Every structure is written in structure tokens, then in C-alpha cells.
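Asker: My structure is below; once you've seen it, I'll send some questions.
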Amino acid sequence: MQHADHYLLAGVMGFPIMHSRSPAIHNHWLAEYGLLGHYAPLAVKPEGLEKALRALHPLGYAGVNLTIPLKELALPLLDEIDPVARAIGAVNCVVVEKNGRLRGVNYDAFGFVASLQEAAPGWRADAGPAVVLGAGGAARAVLAGLIGEGVKEIRVANRTLERAQKLAAEFGPSVHALDWDQREDALSGAALLVNTTSMGMLGQPPLDIALGGLPASALVTDIVYAPLETDLLAQARHRGLKGVDGLGMLLHQARPAFRDWFGPMPQVTPELRRKIEASL
Ligand code: NAP
């Protein structure tokens, strides 16, 4: 935590970066707490990452978020990597210690679980199997979150089966890899469905899946947040299934980062959600 006797600084590094909603989220909280400071979008390319990270301490930065394409590249460049970030294989938040050491953490798993719990307060890890569609970076964070909560069976279906098998080998016996063609069979008896593929995003085709096999009590979550209601979530709504959109994950992952840099643990208020929704 930084002392409030100087201008507080943090930001998000990535390339491209101007689309990022993180500045709006963190600047909202700085203003809410009456803290003098700023959170900036920082256009950093992979070849400039190491120098940019090492400049944080001399410039007085409390830390930064990392986004595409830097999240994985930062791992060997930092002084310490938190075990969750190590398991996910990516860093989404860097904390600058007082002595200048750089600590890498990943709050995407926290964000996913916190969003789920906020949107569906009755959700329990022992409710039944989870189905995760996709095996990319976001899937790794979702698996870390679900396993951390104690979900006993996770069925991962991915277009490229080998990537799902790699996740099953890394994340342990609760994770089962399935072929993409098995994605609808996998819904049988499931308590939770999570889309972590990029299908359904603006500019991408919708996710091709029929939800008929899901029990009526199942939760459907999509981590895509632009658009806020994807075809998957619209289908869930038509079937009377509870849906959770991807904006909550984005908002909640920001909370512990703000706390690590500036002290207070901020909340996701309806006002903040409305503000970010309006910018999508
Ligand atoms: P990624 O590493 O590139 O992974 C993309 C995944 O989508 C892979 O599993 C890929 O399958 C699958 N996929 C892509 N095109 C497909 C198709 N035509 N049919 C079937 N599967 C397809 O991306 P990521 O970083 O995991 O991000 C995925 C999504 O999550 C993005 O939309 C991103 O915006 C969103 N996200 C949201 C949050 C949040 O806070 N809400 C956080 C992180 C990411 P293959 O392995 O076969 O290529």
C-alpha cells in the first residue's frame, strides 16, 4: 500500500490498450475514496515490457494490470510469482513492493468466482459437475477458481482437444477433457456451464450449442462481456435458466488489485456497473 502523501499511480499495460475499461473502473474508485491519483492506459509492446516494468518503481507507480499480449510474457520478468498466477500461467496484476521488487498475481480466478457468487448467491461448489467450454487463457483462470472453491468434477470441451487434455494433465484429476463434439452430451447432470471461448463476442459467430441437456437448476455463465447478453445467455434466459454475464468478472478482478496498490478493498456498486455498461 502507498502512503497518501503523494500522487497515487497505477495503470494497465498492453497493446492495443485504448479499448481497456480498467481506467474507468479504477479512476471511479480513486474518486469514490477521495484519493489523489490516476490510473492510466499504457501502450506497451512485448519488446518494451521489461523496461516498462522496471520503470514502475522509480516513477512511483504502485503497480499495473497486464493485458493482451503481455500476461504470459511477464512471468519470467518479475521477482516473485504468486502460486495462483503460476498455476494459471499468466499475470494480470503487478504489485510494486516498497523496495522495488515486482510481485506478479492473477485475480481473474477471484473475479470469476466473486462474480458468480454475487449473481447467484445460492451457488455452491458441491452442487454438481461444471462444464467449461474453451481451453485458452481465460479457461485456465476459471479452472483455478472452480478448483479453489472445491468443485469436484469439471468437464472441459475444446475445439482443439489437445489443449483441453493439457489442462486436465496440469490441473489434476477433477478435470476431464472432452472433444468439442461432446459439448452437448457433457451438459447432462451439470450444475454450471461456463463459456470461456471467444465465440459470441462482437464480430465473432455465436457459440454453437443447444442447452436442452442442462438441468433446469443449472447456472449458465459467459465470460464474454461485449455484448453483455450473448446468444448463449439469451438462450439460457428463454429456457428459464439463470445466467451470469462476463462484466462481473471484469469488475471483481479489479477489486483486490486496487486493495494491493492503494489499501481499501472497493466494492462493485450498481453505479459502477451502470457506468461501465454504458461504455461497452
Ligand atoms: P484464447 O486464449 O485465445 O482462447 C480462445 C478459446 O476460444 C480457445 O479455447 C479456442 O479454441 C476457442 N475458440 C476460438 N474460436 C473458436 C471457434 N470458432 N469454435 C470453437 N472454439 C473456438 O482467449 P482467452 O484469453 O481465453 O479469452 C477468451 C474470451 O474470454 C475472450 O472473449 C475474452 O474477451 C474473454 N475474457 C473475459 C474476461 C472477463 O473478465 N470477463 C477475462 C478474460 C477473458 P482452440 O483452443 O481450439 O483455439
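The values are calculated or read from the model by the stated rules, or taken from the named source; none is laboratory data. These numbers were taken from a predicted model, which means no experiment stands behind them. All Cβ positions, even for glycine, are placed from backbone atoms using ideal geometry, and neighbour counts span all protein chains on display. Keep in mind that these areas ignore ligands, DNA and RNA; they rest on the heavy atoms of the full protein, side chains included. Shrake-Rupley method; radii C 1.70, N 1.55, O 1.52, S 1.80 Å.
Asker: If you plug each phi of the range 61-72 into the Karplus form 6.51 cos²θ - 1.76 cosθ + 1.60 with θ = phi - 60°, what whole-Hz ³J(HN,Hα) values come out, in order, with x for Gly and Pro?
Answerer: Values, residue by residue: 6, 7, x, 9, 8, 10, 9, 3, x, 9, 4, 7 Hz.
Asker: Using a 1.4 Å probe over the heavy atoms of the protein chains, calculate the carbon and sulfur portion of the accessible area of the range 109-245 as a whole percent. Show your work: numbers first, answer last.
Answerer: Details: 3080 of 6050 Å².
The value for the range 109-245 is 51 percent carbon and sulfur by accessible area.
Asker: Using alpha carbons only, how many degrees (0 to 90, rounded to 10) separate the axis of helix 161-171 from the longest principal axis of the chain?
Answerer: Tilt relative to the chain: about 60 degrees.
Asker: Next question, about the same structure. In Å and whole numbers, how far do the C-alpha atoms of the chain stretch along each principal axis, longest first?
Answerer: Result, largest extent first: 57, 39, 35 Å.
Asker: Against the longest alpha carbon principal axis of the chain, how many degrees, from 0 to 90 and to the nearest 10, is the axis of helix 22-32 turned?
Answerer: In the chain, helix 22-32 runs at an angle near 60 degrees to the longest axis.
Asker: What accessible area per residue, rounded to a whole number of Å², is obtained for the chain using a probe radius of 1.4 Å? The partial results should precede the final answer.
Answerer: On the way: 12570 Å² over 280 residues.
For the chain, the per-residue accessible area is 45 Å².
Asker: Now for a separate question. How large is the helix-only mean residue ellipticity at 222 nm for the chain, computed as the sum of -39500 (n - 2.57) over DSSP H runs with n ≥ 4, divided by its residue count, in deg cm²/dmol to the nearest 500? Don't skip to the end; give the middle numbers.
Answerer: Numbers: 9 runs with 97 residues, N = 280.
Mean residue ellipticity, 222 nm, calculated: -10500 deg cm²/dmol.
Asker: Could you sort the peptides 83-94, 7-18 by per-residue average Cβ neighbour count (10 Å cutoff), highest mean leading? Display every interim value, and only then the final one.
Answerer: Working: 83-94: 21.4, 7-18: 19.8.
Highest to lowest by the protection proxy: 83-94, 7-18.
Asker: To the nearest µm²/s, what D does Stokes-Einstein give for the range 1-154 at 37 °C and 0.692 mPa s, using the Kirkwood radius over alpha carbon pairs as Rh?
Answerer: 196
Asker: Using the structure shown, list the pairs from Lys242/Lys275; Lys166/Lys275; Lys71/Lys275; Lys152/Lys275 with a Cα-Cα distance above 30 Å, or answer none.
Answerer: Lys166/Lys275; Lys152/Lys275
Asker: Which order, highest average first, do 173-181, 250-258, 105-113 follow once you tally other Cβ atoms within 10 Å for each residue and take the mean per peptide? Don't skip to the end; give the middle numbers.
Answerer: Values: 173-181: 16.0, 250-258: 23.1, 105-113: 24.9.
Final packing ranking: 105-113, 250-258, 173-181.
Asker: So for the chain: antiparallel DSSP bridges make up what percent, rounded to the nearest 5? Each step should come with its number before you reach the end.
Answerer: On the way: 7 of 40 bridges.
Taking every DSSP beta bridge within the chain, about 20 percent pair in antiparallel fashion.
Asker: What fraction of the Cα pairs in the range 109-245, stated in percent, has a spacing above 18 angstrom? Show your work: numbers first, answer last.
Answerer: Values: 4501 of 9316 pairs.
Tail of the P(r) past 18 Å holds 48 percent of the pairs.
Asker: Next question, about the same structure. What ³J(HN,Hα) values, in whole Hz, does the Karplus curve 6.51 cos²θ - 1.76 cosθ + 1.60 give for the range 128-142 when θ = phi - 60°, with x put for Gly and Pro?
Answerer: So the Karplus estimates, Gly and Pro as x, are x, x, 10, 10, 10, 9, x, 9, x, x, 5, 4, 4, 5, 5 Hz.
Asker: For Leu178, which sequence-distant residues (separation of 5 or more, or a different chain) have an amide H within less than 5 Å of its own amide H, given hydrogens modelled in the peptide plane?
Answerer: Val156, Ala157, Asn158
Asker: Viscosity 0.692 mPa s, temperature 37 °C: Stokes-Einstein D of the range 176-216 from its Kirkwood Cα radius, in µm² per second? Before the final figure, lay out each step's value.
Answerer: Numbers: Rh = 11.4 Å.
Result for D is 288 µm²/s.
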